[in-house]
Amino acid sequence: MKAQIGDRIIIRGHHIGEPDRDAEIVDVRGEDGGPPYLVRWEEDGHESLFFPGPDASVEHFEHHR
């Protein structure tokens, strides 16, 4: 998995009716865009260090410099 600052991590709900979770990547701590990522969770604004599992995906956004 590779990501950039500003991309979003999406974790799909594991059970029927369970909502997806998403977070904005605010810092990339791994090498070459790899994890871990410092993320800000959409639901409450909490920031945490995140090591994505197999249920996580990245939504890449066009980055303007």
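Stokes-Einstein diffusion of the chain at 20 °C, 1.002 mPa s viscosity, Kirkwood radius from Cα pairs, rounded to a whole number: 178 µm²/s.
In a simple Cβ point-charge model (Lys, Arg +1; Asp, Glu -1; nothing else charged), the chain has a dipole of about 180 debye relative to its Cα centre. Grab the other residues whose beta carbon is less than 11 angstrom from that of Lys2, score K and R as +1, D and E as -1, and report the net. My count for the surroundings of Lys2 gives -3. Of Gly6, Pro36, Gly17, which is farthest along the charge dipole of the chain in the positive direction, counting Lys and Arg as +1 and Asp and Glu as -1 at C-beta? Checked the options; the winner is Pro36. Solvent exposure of His46, expressed as accessible area, is near 100 Å², computed with a probe of 1.4 Å over the protein chains only. Longest stretch of the chain clear of exposed loop sites (GluC sites (Glu not before Pro), DSSP loop, at most 11 other Cβ atoms within 10 Å, sites excluded): 1-42. Per-residue extension of 0.36 nm, minus the Cα-Cα distance of Glu43 and Asp55, leaves a gain of 2.5 nm for this segment.
The values are calculated or read from the model by the stated rules, or taken from the named source; none is laboratory data. For clarity, every value in this text was computed on a predicted model and none was experimentally measured. Glycine gets a Cβ as well: all are built from the backbone with ideal geometry, and neighbour counts include every protein chain shown. Surface areas here come from the heavy atoms of the whole protein model, side chains and all, with no ligands, DNA or RNA. Shrake-Rupley method; radii C 1.70, N 1.55, O 1.52, S 1.80 Å.
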